[in-house]
Amino acid sequence: MTALGDFMAEQNNSKAALDADAPEVKRALGWAHTARFRTTASRLAELPQTELPEIAFVGRSNAGKSTAINTLTQQKRLAFASKTPGRTQHINLFDLGPKLAPDALFADLPGYGYAAVARDAKLRWQQVMADYLDVRRSLVGVVLMVDSRLGFTDLDQRLMSFVAPRVGNGSVKLLVLLTKADKLNRAEAVAALAGAQALLGELATEQADVSVALFSALKKTGIDDAARLLHRWVHG
Ligand code: GDP
């Protein structure tokens, strides 16, 4: 498993190594910035069939998913559509890459665990998420947002169990962003990272590609590393 972010950077990378990474980070951020709304779907059957590699963003509602998408794409309101009434339970797709030749998709999946949603609606959406993560062939990676102060909840673990077979066989990569890391002191941040790594260790196989990083939209922590990783997932 890879731990991305400042702590590893401090330990492993000399300044020269970080500077050498700069062009790649710039390219990755430029690519992420091209994201634009493509379509919204309330059922899996409504999703366009496409060969484009797709990266799904998932997380409990309020985990900071919309903020993370907006921060990664350097756009103020890209993930805003996901928050408008009537669209909160839709899958929103965004194109990336050149305008006339998109090379990837971001899929913003509905946040789960929102207390006010009726039980049968919750179960229905759990099923849609499970099916999406199981059957979407073009899915190459999942970015799971977890509130760094709360850690993995039962629902996060259930979500991970939906995608665990594909992570285990290496067909889908996983990045866990521990969000709102600005709210943690250093000791808490180290503990949050260690806790996540311990839990994610359960997914480890020869093929599994799992990363975890502290992330803060406020302090701009983890953004460069996350952008570079997603760019690599798509472009190698
Ligand atoms: P979503 O429901 O997962 O899309 O969550 P949002 O992106 O709407 O964020 C939920 C709340 O967390 C909002 O009040 C955000 O302002 C706050 N938030 C998101 N990211 C950060 C962060 O990096 N730092 C802090 N301190 N707050 C954040």
What strands (runs of 3 or more DSSP E), lying completely within segment 1-70, carry at least 3 residues that are under 26 Å from Val167 (Cβ atoms) and modelled with pLDDT of 95 or more?
54-59
Output the residues belonging to segment 53-82 that are touching an Asp or Glu at 6+ places or on another chain (Cβ under 7 Å) and hydrophobic (A, V, I, L, M, F, W, C).
Phe57, Ala63, Ile69, Ala79
Helices (runs of 4 or more DSSP H) within segment 121-236 that include 1 or more residues among the aliphatic types (A, V, I, L, M) and over 22 Å from Phe94 (Cα atoms):
154-168, 186-200
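For every residue, the table says whether it meets (1) out of contact with any Lys or Arg (no Cβ under 7 Å at 6 or more places or on another chain); (2) closer than 20 Å to Ser211 by Cβ.
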residue	(1), (2)
Phe80	yes, no
Leu93	no, no
Arg119	yes, no
Val146	yes, yes
Give me the pairs: first residue in segment 72-95 and under 15 Å from Arg38 (Cα atoms), second residue charged (D, E, K, R) and modelled with pLDDT under 90, beta-carbon distance under 8 Å, and six or more apart or on different chains, which are they?
Ala81/Arg87
For Lys183, are the conditions met, namely being of a type in the set (Lys, Arg) and either touching a helix residue (DSSP H, G or I) at 6+ places or on another chain (Cβ under 6 Å) or surrounded by 22 or more Cβ atoms within 10 Å (Cβ to Cβ) (or both)?
no
Given the structure, is Lys76 part of a loop (DSSP other than H, G, I, E, B), among the basic types (Lys, Arg) and surrounded by fewer than 14 Cβ atoms within 10 Å (Cβ to Cβ)?
yes
Of the numbered conditions (1) at pLDDT 90 or above; (2) part of a loop (DSSP other than H, G, I, E, B); (3) within 16 Å of the ligand (Cβ to nearest atom), Arg87 satisfies every one except a single condition; which is it?
(1)
Test Asn92 against the stated conditions and say whether it is buried (at least 18 other Cβ atoms within 10 Å of the Cβ) and either part of a helix (DSSP H, G or I) or at pLDDT below 95 (or both).
yes
Kindly indicate the residue of segment 204-236 that is among the basic types (Lys, Arg) and more than 16 Å from the ligand (Cβ to nearest atom) and also surrounded by the fewest Cβ atoms within 10 Å (Cβ to Cβ) among those meeting that condition.
Arg232
Looking only at residues that are touching a residue at least 12 places away in the same chain (Cβ under 8 Å) and surrounded by fewer than 14 Cβ atoms within 10 Å (Cβ to Cβ) in segment 189-203, which one is farthest from Ser66 (Cα to Cα)?
Gly201
Number of the exception - Ala116 against (1) of a type in the set (Gly, Ala, Ser); (2) assigned to a loop (DSSP other than H, G, I, E, B); (3) surrounded by 20 or more Cβ atoms within 10 Å (Cβ to Cβ):
(3)
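The values are calculated or read from the model by the stated rules, or taken from the named source; none is laboratory data. None of these values were measured; they are calculated from a predicted model. Heads up, the Cβs are rebuilt from the backbone with ideal geometry, glycines too, and the neighbour counts pull from every protein chain shown.
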